[in-house]
1. With r defined as the distance between the Cβ atoms of B:Thr274 and B:Ser101 and R0 fixed at 25 Å, what FRET efficiency is calculated, to the nearest 0.05?
2. For B:Phe164, which sequence-distant residues (separation of 5 or more, or a different chain) have an amide H within less than 5 Å of its own amide H, given hydrogens modelled in the peptide plane?
3. Label points 7 Å out from Cα along the Cβ direction at B:Gln137 and B:Arg299: separation in nm?
4. Using a 7 Å offset from the Cα along the Cα-to-Cβ direction at both B:Glu84 and B:Asp202, what is the distance between the two label points in nm, to one decimal?
5. If I model a spin label as a point 7 Å beyond the Cα along the Cα-Cβ vector, how far apart are those points for B:Val120 and B:Glu147 in nm?
6. Going through the cross-link list B:Lys93/B:Lys302; B:Lys91/B:Lys302; B:Lys93/B:Lys271; B:Lys91/B:Lys260, which pairs have a Cα-Cα distance over 30 Å in this structure?
Amino acid sequence: MADLICDIGELLSAYLDGELRPGELEQVTEHLGDCEDCVLEFRYLKEARTSLRTLPRLEAPDWVVEDAVHLAPELSAYLDGELVTAELPMVIAHLQECVRCREELLGLDHARTAVRALPRVEPPEFLDVRRAAKAPRPHRWQVPTAVAGAAAAVILTLGLTSSSTPVRVVDADSFADRHIARASVETGFAVLPAVARVGAP
Amino acid sequence: MRLTRRTASVGVIAISTVLMTSLPAAAGSPVLFGDLEEYLEAAQLADYAGQQLVVTVFEGSTTAGILGIEHAANTFMVGDGTTEAVVGGGKVKSAQPVLLSSYTQLGASDRYTTAPPRDVRRLGRSAREVDVLEGTQLRARLVFDVETGAPLSTRVFDGDGGIFRLSSMIDFDPRPRKIYDSNGYDSREYEVIMPASVDGLDTDVAGYRLGDRYAGPDDVYHTFYSDGLFSFSLFEVAGSVRADTFDDATTVQYGGSKYKVFVTPSQMWVKWTTPGTTYVLVGDLPPDHLEDVLGELPRPRKRSFFSGVWRRFFG
């Protein structure tokens, strides 16, 4: 039994690290059903592992998350060179990590290039009497083109800004509790206890 | 031997005695079970306490935990040493208590059958091992304590026959130390979840039957499905969602679509988005069932540029 305990002891550590082979998993669980010493060893290892994971760590700013679609305004300012000093390194650091924001930045850049390639819209004559007095009257075909260009610019801008959807912060743990509450009235719950916050690694 | 009225009477008495000893016995004695529903109902009513080891294997990774359990009066008291919850009867009393205002029990389905049980020993106790079959495939192996009907061990297998989840009592006491009065609660302490209409919803999703739908106070819709053994809930949230739960999630591909998946010892969490809606699925279903279910739910999609423009102009 002492030799068996030593073997299982090594497997317990591998088991917590997710490194057990399929056959070893059943061996460990079967043994834990009969050996109090190994159960105590397992609990100690688990507590140590939990303690390591709960050591303080630096929290990233709220917007540095994978679904940070609200980073879009910063990306636009970044392209235009308008980020303030403190924001610039954070945006750069985030872009190095986030594929989604890099793709969005690329899309913004393309759109900005496209918008800049549109025909320039001249202000209506009534807004500038001097220009109206000096400049020749536009040909008829130039007016629709200018209007179309302005419309395209508006559409592009609206399309880019509409891709940013509001982000809701939800307590997903409450989802688990609601699911568990409902599952608890089904017979299957008795053999498959459904607890989420309790027992999470 | 010459058959007379006397010998015939003795024979009838003898046969009757044999039959009566094989019928279900009185409460407190070992019980012979029939189908899966009977085993599960007995487990629901069992009184017991102990430590339970729960392990889940998913995509080559293992996650595990030990839970302290007290079960009595169809109510679980569960703790992991730092947090505790009381679960049962449509209620969860934890840090944020939740109470369902109503529910429709689904009960057994015809998806599963059981093979003839085998007598085994577990934790020094007489037990019965029952194989749960889905067609011809072994889906679960359950071990029940003969004296109490309590589940001593549960193995859930994936579609390829590999083990997906294992829960095993590593310490067992047929006498729970605490009994929670599930009827003696103050509903004002709970967040009450109200029912919502199920009109227009699929009544069956990959073998999981529609149970109930709820509208939470945070405008989150919650729809519950069960196949009689496993279950899941689908949460629909308008807009994008940020949830700490998925900070450590991995991206898994099902049917050509990508999902965020996070696995705890007893639950699967899946998150994905469609234009305007974020879905979160929580459940204990095995991976092959999960893939089938996701194939029948709305697929992940991103809003196109022009649909965003259209939405901005026309709503």
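1. On the way: r = 29 Å, r/R0 = 1.14.
After rounding, the FRET efficiency stands at 0.30.
2. Those qualifying (amide H under 5 Å, at least 5 residues apart or on another chain) are B:Val156, B:Phe157, B:Asp158.
3. 2.2
4. About 4.2 nm, to one decimal.
5. So the two model labels end up 1.9 nm from each other.
6. Values: B:Lys93/B:Lys302 37 Å; B:Lys91/B:Lys302 36 Å; B:Lys93/B:Lys271 25 Å; B:Lys91/B:Lys260 28 Å.
In this structure, B:Lys93/B:Lys302; B:Lys91/B:Lys302 lie more than 30 Å apart at Cα.
No value in this document is a laboratory result; all are computed from the given coordinates. Since the model is a prediction, treat every value here as computed from it, not as a measurement. Ideal geometry is used to build each Cβ from the backbone, glycine not excepted, and the neighbour counts take in all protein chains shown.
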